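These notes concern the structure reproduced below.
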Amino acid sequence: MNKYTFLDITAFTGIFVMLFLALFLFTVKTKHKLGNSLFAFFLIANAIDACKYLIHDIPENLINIEAFRWSIALLVPATFYLYVKSICFSDFRLKPKQLLHLLPLVVFNLILIPGLYLGTPPEKLYFLRHMNDMPEIHFFEILFETSFQIYFIAAFLILKRSRTIYFENYTDPNLSLIRALYLITIVYYLLHLLVLFRRLVTYTIGFGEIRDWIITVDGFSFLLSTCWYLFIALSSPEFFRGVNSKLESSKDIVQKRKAAILIDDETNERIESLKEFMTSKEPYLNSTLTIQELAKQVKMPAKDLSVLINLYMSKHFFDFINEYRIEKAMQILRDPLQKEVTILEVLYQVGFNSKSSFSASFKKHTGKTPTDFRRSSN
């Protein structure tokens, strides 16, 4: 098997897996229908772009379709950005203004109208043979690269912001899906770097053996990443619940109020009152507790409570609540009358909903696993 046959098989398999995954995302029952649909469109756009590995000769009557296929790549970074936004923010909805993301595709196709779409067959063939020297193609590459970098940076900024807000407002300790989204974004960018390397080789060395091998590696990487996407989708069809995009981080709140972070007597009283409430009422036993719900219980504006915990107490709401849960778990594990209670029962009693998250938080807080702690305490 030569490298060209290997590339064809790899590309065909990758395209098939992507389309299969897109079908799965369109049909799976989930409350995150928008996010799944956007990721499905992202995969379909990638599959259309990946057809370049299988196309060796372009029939004269299909040149226009092939040219339009090139422009589909301009939708890939925009679709991925919208997908990240839909997953990070539970209140995200598509609005008419999102049609602006189609602008690069429209502009590129408008540029191709006089020189290619409306050209005669000889003009189209001439375009294909000399396309690497065409200003239209250079514009396309610059446009794609610029939009890719902008969308990639925007996606990471959204991830960073939503992660901060997530820690400051929610207590669900399962962060594996957040990390998965980070990894998907990084893998997506690394694949793009391989494409950039291929273009660099094309412009400096030209078409040849090195470029062919880069394309082969690119195609194989495309297949591996596609299979990885499939694994994530099948193992975790629902990403984390997302956060409300209207929520603000505690630092943003303080900056808007132009308030200094100084602990005075009033602040100390509020901190002590909060600690007393946490100890006596044990609201942390609710596994879905949010900062908004706790604020209602302590009769304090949610923004004030966020600033109190995240800035004045120097803790994320996430860590603040879990510390009380761990302390409660330690009480249960020390109690000889509850030695028959299993570790799994303990973690659910104190508000956790994941054994791995409970074990990680417990060891971080005590330096021991729950089992070792129980054994050393009795």
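For PHE89, which sequence-distant residues (separation of 5 or more, or a different chain) have an amide H within less than 5 Å of its own amide H, given hydrogens modelled in the peptide plane?
Excluding prolines and chain starts, which carry no amide H, the hits are VAL243.
Using a 1.4 Å probe over the heavy atoms of the protein chains, calculate the carbon and sulfur portion of the accessible area of the stretch 49-188 as a whole percent. Spell out each step's value before the answer.
On the way: 4650 of 6840 Å².
Answer for the stretch 49-188: carbon and sulfur cover 68 percent of the accessible area.
If I compute solvent accessible area with a 1.4 Å probe over the protein chains, what percent of it on the stretch 304-355 is carbon and sulfur? Please report the intermediate quantities before stating the final value.
Numbers: 1170 of 2320 Å².
Its accessible area is 51 percent carbon and sulfur atoms.
What is the calculated FRET efficiency for GLU269 to LEU224, with r their C-beta to C-beta distance and R₀ = 41 Å, to the nearest 0.05?
0.10
Quick one: which of LYS299/LYS363; LYS52/LYS97; LYS275/LYS303; LYS299/LYS364; LYS29/LYS85; LYS160/LYS303 span more than 22 angstrom between C-alpha atoms? Could the numbers behind the result be given before it?
Numbers: LYS299/LYS363 33 Å; LYS52/LYS97 31 Å; LYS275/LYS303 18 Å; LYS299/LYS364 31 Å; LYS29/LYS85 20 Å; LYS160/LYS303 20 Å.
Too far apart for the 22 Å limit: LYS299/LYS363; LYS52/LYS97; LYS299/LYS364.
With every protein chain kept in the model, how would you rank SER357, SER377 by accessible area, 1.4 Å probe, largest at the top? Please report the intermediate quantities before stating the final value.
Details: SER357 15, SER377 50 Å².
Highest to lowest solvent-accessible surface, that is SER377, SER357.
Heavy-atom accessible area of VAL84 with all protein chains present, probe 1.4 Å, nearest 10 Å²?
0 Å²
Averaged per residue, what accessible area in Å² does the stretch 49-170 show with a 1.4 Å probe, protein chains only?
Details: 6180 Å² over 122 residues.
Counting only protein heavy atoms, the per-residue value for the stretch 49-170 is 51 Å².
Using the crude model of +1 on Lys and Arg Cβ and -1 on Asp and Glu Cβ, and no other charge, please compute the dipole size for the stretch 298-374 relative to its Cα centre, in debye to 20.
100 debye
Measure off 7 Å from each Cα along the Cα-to-Cβ vector at CYS51 and GLU327, then give the distance between these two points in nanometres to one decimal.
Modelled inter-label distance: 6.2 nm.
Taking 35 Å as R0, compute the FRET efficiency from the Cβ-Cβ separation of THR288 and SER359 and round it to 0.05.
The computed FRET efficiency comes out at 0.95.
The values are calculated or read from the model by the stated rules, or taken from the named source; none is laboratory data. All figures in this text were calculated on a predicted structure; none of them were measured in a lab. Neighbour counts run over all protein chains shown; Cβ positions are idealised from the backbone, glycine included. With ligands, DNA and RNA removed, areas are computed over all heavy atoms of the protein, side chains included. Shrake-Rupley method; radii C 1.70, N 1.55, O 1.52, S 1.80 Å.
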